[in-house]
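Values in this text are rule-based calculations from the coordinates and carry no lab data. These numbers come from a predicted model, not from an experiment. Cβ coordinates were reconstructed from backbone atoms using ideal geometry, including for glycine residues, and neighbour counts include every protein chain displayed.
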Amino acid sequence: MTWVKKISPFLWFLLLFGVVGCAEYRFRPEPGFYYEWQEGDSLEKIAQEYKIDRIELMRKNTLIDPEDLEVGMLIFIPSTKAAALVGGVRFPDEKASFRLAGEGLIWPSKGHLSSKFGKRWGRKHEGIDMSSDQGLDIHAAASGVVDFAGRQRGYGNTLILNHGRGIQTLYGHNKRLLVRKGQRVRKGQRISLMGKSGHSTGVHLHFEVRVRGEARDPLRYLPSR
Ligand SMILES: [Zn+2]
């Protein structure tokens with residue numbers, strides 16, 4: 001059984017490398033930014049513009065077929081050594097990427113801004129509130145996939161959209177949800193009706209932007225109005 005003794009340090013190495021490798025992959029944010037797919041774009045064009053390999057671009061976005069790309073979809077463009085060497089290619093930081101990627105987010109409703117992000121009555125308000133005296137339509141702030149559609153404590157009828165690369169938007173206190181879990185939605189699509197379900201004093205939308213699960217100030221991602 002000498003081969004067992006010989007092989008085990010190697011197996012240990014593989015195991016350790018695997019665990020560390022996964023942790024790295026999971027927790028280290030990758031430099032790059034989000035680009036909003038425009039009419040007439042092609043993978044070749046984007047790959048060339050940002051000095052990245054086309055196959056690598058597909059891999060980073062877990063794209064199987066380039067035909068799946070639709071106008072308004074956000075794709076992640078990693079910053080590469082080649083791009084850094086060439087210069088001239090500007091890579092915005094992640095916080096600003098939504099804004100810079102062609103005005104990424106749109107306002108999810110026409111209601112007026114009734115409460116901002118941050119400290120409120122001694123507690124942290126994780127999003128912004130948009131109110132209206134009548135139930136307005138709620139629209140997807142960006143294209144994505146429905147991660148959650150159902151009741152959530154405090155938030156009532158809630159939707160969570162996933163826009164890829166760890167970015168999500170949340171819509172709370174809805175009267176009615178118009179999309180289901182797993183459904184793909186386009187930016188601007190009607191996804192729910194404003195309401196006052198959950199812990200809510202009046203009809204309003206509670207809107208959150210989450211980056212890797214952490215709530216960020218939505219006003220930093222929304223265009224000024
Ligand atoms: Zn709120």
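Modelled spin-label separation between Thr201 and Gln152, with each label point placed 7 Å from Cα along the Cα-to-Cβ direction: 2.3 nm.
A Förster distance of 30 Å, applied to the separation of the beta-carbon atoms of Trp121 and Arg212, puts the FRET efficiency at 0.65. Sequentially through region 210-215, phi angles give Karplus couplings (6.51, -1.76, 1.60; θ = phi - 60°) of 10, 10, 6, x, 9, 5 Hz, Gly and Pro residues having no value and appearing as x.
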